[in-house]
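Here is the structure we will look at.
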Amino acid sequence: ALKKEITHDMLTLSQAVANDIARMMYERVENVHSWSRLSIMQEAKIGDVDKRLSVFLKELNTSYGNIYRNIYVIDAQSNVVASSNSAQIGKTISELPNWFNIAQSSSKVSVSQLSGQTLPLSATILDANGDIEPFILIAEFNWQNIENILNSSAKQQTSAMLFNEQDLPIAKTSNWEG
């Protein structure tokens, strides 16, 4: 009876954690998708000369606290044309290795491979007519938020790990051993 209760409790806890992570990631994908459609993104076409787009991205980043590390827009040559971090403007970004894509109505949000504590999410910017522009919005999700969900679920004597579809670990509690 005790083993059955422990098994039930662990299944319930793991489902709750999985739901929290799924909700967190759904919200991030929706953010990137909706932001890439905002009219202010058209400022990228003129190189964000008046920095309206960069100010907007900085305000977005600030309003989300520690959810994002950085939010920026790159052109077809991977040059940063607007950013929540002004020091990044004009720099060239290395190509982001794609992990998978998520279909969103008439477009997609690309999820790049996890790099340290950063998970880049990106979407192509569309104009008012829904035509593709040669600019990409990238939001660097702070992966520590996922680890915080795992850590808050584990008691002192327990630990948890999150695996990807190839059964490779992508997040773990701070007390994970092994």
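The values are calculated or read from the model by the stated rules, or taken from the named source; none is laboratory data. Computed from a prediction, not measured in an experiment: that's the story for all the values here. Neighbour counts are summed over all protein chains in view; Cβ atoms, including those assigned to glycine, are modelled from backbone coordinates with ideal geometry. These area figures cover heavy atoms from the full protein model, side chains too; ligands, DNA and RNA do not enter into them. Shrake-Rupley method; radii C 1.70, N 1.55, O 1.52, S 1.80 Å.
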Restricted to segment 88-110, and to residues that are open to solvent by less than 30 Å² (accessible area, probe 1.4 Å) and free of Cβ contacts under 8 Å to residues at least 24 places away in the same chain, which residue is farthest from Q144 (Cα to Cα)? Q88
List every residue pair whose Cβ atoms lie under 6 Å apart, where the two residues are 6 or more positions apart in sequence or sit on different chains, the first residue falls within segment 10-38 and is in a loop (DSSP other than H, G, I, E, B), and the second residue, located anywhere, is at pLDDT 95 or above. S36/A123; S36/L137
What do you reckon, is N85 open to solvent by 30 Å² or more (accessible area, probe 1.4 Å) and at pLDDT 95 or above? yes
Of the residues that make up segment 48-57, is at least one among the aromatic types (F, W, Y), buried (at least 18 other Cβ atoms within 10 Å of the Cβ), in contact with a helix residue (DSSP H, G or I) (Cβ under 6 Å, 6 or more places away or on another chain) and under 21 Å from L121 (Cβ atoms)? yes
Does E165 count as in contact with a strand residue (DSSP E or B) (Cβ under 8 Å, 6 or more places away or on another chain), acidic (D, E) and farther than 29 Å from V49 by Cα? no
State whether one or more residues within segment 121-128 are open to solvent by 20 Å² or more (accessible area, probe 1.4 Å) and more than 17 Å from the chain's Cα centre (by Cα). yes
So, in segment 58-87, how many residues would count as being within 20 Å of Q144 (Cβ to Cβ) and not aliphatic (A, V, I, L, M)? 12
With segment 69-178 as the region, which strands (runs of 3 or more DSSP E) entirely inside it contain at least 2 residues that are touching a Lys or Arg at 6+ places or on another chain (Cβ under 8 Å) and closer than 17 Å to A18 by Cβ? 161-163
What about L53, is it at pLDDT 95 or above and over 20 Å from S110 (Cα atoms)? yes
If you go through A44, A16, the only one that is over 27 Å from G130 (Cβ atoms), of a type in the set (A, V, I, L, M) and open to solvent by less than 70 Å² (accessible area, probe 1.4 Å) is A16
Please count how many residues of segment 58-77 are surrounded by 14 or more Cβ atoms within 10 Å (Cβ to Cβ) and free of Cβ contacts under 8 Å to residues at least 60 places away in the same chain. 4
